[in-house]
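Colleague: Take this structure, written in structure tokens, and hold onto it; I'll ask about it next.
The values are calculated or read from the model by the stated rules, or taken from the named source; none is laboratory data. In this text the structure is predicted, and so the values were computed from the model without any measurement. FYI the Cβ positions are ideal-geometry reconstructions off the backbone, even for glycines, and counts take in every protein chain you see.
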């Protein structure tokens, strides 16, 4: 075997590619195949022939559908693509020579100790490398959850706990990194519902989990710029939640749809957001009501309706005040008074009320950890916009610069989209050194 060099052997420089290193470490062979074709011109038909996989299966894997889990097939892929065994957790392959570079689950080269905010960059890269295999949060293997083809009544709760732990990836990674993970979880649960047997009660619980997973996948799609996929997943979530009789999740699915709609049809966004609150109802958990009223406030603010915005924010605050330590759904665990302050500041920014927005955002962001890099960079963009409205150009440039630093390397389209109009407004003041510096940073 050592004398044969397959036509699918990956070039050494591609093995050093940050994305390829992460995909190999995560056993995300679909991404490995996709990069092999896009970066090295290795066709899927050649990969299929060398790996003894049907060509349509190779294409499906590259689109994020399915996974490779058997030892035999992983070893075969390693040999066909000349991936060193250590990089996949295998023993050295027969074709390896003493000078074959060892790649034991490497981190991308850019995560170095000299990077700005280096610790957080390394943290993001490590989690990103693990996310494709669902390993970043140390979860148990739930790939074979059933006895025969029957789902136990305990399994939906186990699956919900897994979903909650995977949700933590969104704290540090953007949707471009998490979408495939969340979509895979949703598709796996959908297959369980289709292929297995269960009681009516267990079926409703599975549908509720499916609705939750669809929302998480939809959010990652939205964050990664896949808006059509996001809409489809939110609609699927709403259908599943209604069938599961889970009013809270049905309301949240509508709130997600409203968040998308308000950027185009503001009246439709308000209508859907109001419907989301009504769907969840007054008996929903306080955290759920707080979240849905926050999103209603946002819809009103984008439409330029200050009185309605203030009423919705007040309703959200009243709901948060009701939380007395009782258990809330995990998907609203991030909603607290500080987060409500941030949403309030965002709303007042949209309404061009900088005297209210600036102190609110400054106070809230002082308590907001840099580990939430994507979200903090987004929130800083609203602070920068309010500074500009107030005529504080230098302060706006400072906030914009920090937002650019935090968003660097985060796989989300939203920070740069949010900063684009701020940068255009700042360009009118390019004669100021602080502005010239941040404009150059944005250009680079």
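Colleague: If you take the residues of the stretch 256-272 that are within 22 Å of the chain's Cα centre (by Cα) and crowded, with 22+ Cβ neighbours inside 10 Å, which of them is nearest to residue 336 (Cα to Cα)?
Modeller: As a first pass, look at the stretch 256-272 and keep what is within 22 Å of the chain's Cα centre (by Cα): 256-263.
So of that shortlist, the ones also crowded, with 22+ Cβ neighbours inside 10 Å come out as 256-258, 262.
Working: 256: 19, 257: 22, 258: 21, 262: 24 Å.
This residue is 256.
Colleague: Kindly evaluate residue 228 against the criterion of being surrounded by fewer than 21 Cβ atoms within 10 Å (Cβ to Cβ), closer than 30 Å to residue 418 by Cα and not assigned by TED's automatic domain parsing to the domain that holds residue 414. Give the derivation first.
Modeller: On the way: surrounded by fewer than 21 Cβ atoms within 10 Å (Cβ to Cβ): yes; closer than 30 Å to residue 418 by Cα: yes; not assigned by TED's automatic domain parsing to the domain that holds residue 414: yes.
Spelling it out, residue 228 is indeed surrounded by fewer than 21 Cβ atoms within 10 Å (Cβ to Cβ), closer than 30 Å to residue 418 by Cα and not assigned by TED's automatic domain parsing to the domain that holds residue 414.
Colleague: Kindly indicate whether any position in the stretch 292-300 is surrounded by fewer than 24 Cβ atoms within 10 Å (Cβ to Cβ) and without any contact (Cβ under 8 Å) to a residue 40 or more places away in the chain.
Modeller: Checking the stretch 292-300: not a single residue is surrounded by fewer than 24 Cβ atoms within 10 Å (Cβ to Cβ) and without any contact (Cβ under 8 Å) to a residue 40 or more places away in the chain.
Colleague: Another question, if that's okay. In the stretch 324-368, which residues are over 27 Å from the mean Cα position of the chain (by Cα), surrounded by fewer than 19 Cβ atoms within 10 Å (Cβ to Cβ) and free of Cβ contacts under 8 Å to residues at least 40 places away in the same chain?
Modeller: 324, 325, 352, 355, 356, 359
Colleague: Looking only at the stretch 41-56, which residues are outside any loop (DSSP other than H, G, I, E, B) and crowded, with 16+ Cβ neighbours inside 10 Å?
Modeller: The initial filter retains those residues of the stretch 41-56 that are outside any loop (DSSP other than H, G, I, E, B), namely 44-51, 55-56.
Matches in the stretch 41-56: 44, 46, 47, 48, 49, 50, 51.
Colleague: Go through the residues of the stretch 179-186 one by one and say whether even a single one is closer than 21 Å to residue 153 by Cα and assigned to a helix (DSSP H, G or I). Lay out the reasoning, then the answer.
Modeller: Taking the stretch 179-186 as the starting set, the residues that turn out to be closer than 21 Å to residue 153 by Cα are 185-186.
Keeping just the survivors that are assigned to a helix (DSSP H, G or I) gives 185-186.
Within the stretch 179-186, one or more residues are closer than 21 Å to residue 153 by Cα and assigned to a helix (DSSP H, G or I).
Colleague: Separate question: Does the stretch 427-438 hold any residues that are part of a helix (DSSP H, G or I) and surrounded by fewer than 17 Cβ atoms within 10 Å (Cβ to Cβ), and which are they?
Modeller: The initial filter retains those residues of the stretch 427-438 that are part of a helix (DSSP H, G or I), namely 427-429, 433-438.
The answer is 427, 428, 429, 433, 436, 437.
Colleague: May I ask you to say which residue of 192, 210, 159 is at pLDDT below 95, under 30 Å from residue 372 (Cβ atoms) and either surrounded by 17 or more Cβ atoms within 10 Å (Cβ to Cβ) or not assigned by TED's automatic domain parsing to the domain that holds residue 68 (or both)?
Modeller: Values: 192 fails: under 30 Å from residue 372 (Cβ atoms); 210 fails: at pLDDT below 95.
It is 159.
Colleague: Could you list all residues from the stretch 67-91 that are in contact (Cβ under 8 Å) with a residue 60 or more places away in the chain and either surrounded by fewer than 19 Cβ atoms within 10 Å (Cβ to Cβ) or at positive phi (or both)?
Modeller: Of everything in the stretch 67-91, those that are in contact (Cβ under 8 Å) with a residue 60 or more places away in the chain and either surrounded by fewer than 19 Cβ atoms within 10 Å (Cβ to Cβ) or at positive phi (or both) turn out to be 67, 69, 82.
Colleague: Among (1) closer than 26 Å to residue 411 by Cα; (2) crowded, with 20+ Cβ neighbours inside 10 Å, which single condition is residue 251 missing?
Modeller: Checking residue 251 against (1) closer than 26 Å to residue 411 by Cα; (2) crowded, with 20+ Cβ neighbours inside 10 Å, the one that fails is (1).
Colleague: Follow-up question, since we're still on this one. With respect to residue 24, is the statement that it is surrounded by 20 or more Cβ atoms within 10 Å (Cβ to Cβ), under 25 Å from the mean Cα position of the chain (by Cα) and in a helix (DSSP H, G or I) true?
Modeller: yes
Colleague: Give me a count of the residues in the stretch 57-66 that are outside any helix (DSSP H, G or I) and surrounded by 16 or more Cβ atoms within 10 Å (Cβ to Cβ).
Modeller: Step one: of the stretch 57-66, the residues outside any helix (DSSP H, G or I) are 63-66.
Add one more test, that the residue is surrounded by 16 or more Cβ atoms within 10 Å (Cβ to Cβ), and what stays is 64.
Total meeting the criteria: 1.
Colleague: Another question, if that's okay. Using the structure shown, decide if residue 298 is within 22 Å of the chain's Cα centre (by Cα) and not in a helix (DSSP H, G or I).
Modeller: Working: within 22 Å of the chain's Cα centre (by Cα): yes; not in a helix (DSSP H, G or I): no.
For residue 298, the condition - within 22 Å of the chain's Cα centre (by Cα) and not in a helix (DSSP H, G or I) - is not met.
Colleague: Next up: Would you point out the residue of the stretch 397-426, among those that are farther than 28 Å from residue 170 by Cβ and touching a helix residue (DSSP H, G or I) at 6+ places or on another chain (Cβ under 6 Å), that is surrounded by the fewest Cβ atoms within 10 Å (Cβ to Cβ)?
Modeller: Keep residues of the stretch 397-426 that are farther than 28 Å from residue 170 by Cβ, which gives 397, 424-426.
Remaining after also requiring touching a helix residue (DSSP H, G or I) at 6+ places or on another chain (Cβ under 6 Å): 397, 425-426.
Numbers: 397: 26, 425: 16, 426: 23.
Across the stretch 397-426, the extreme among qualifying residues is 425.
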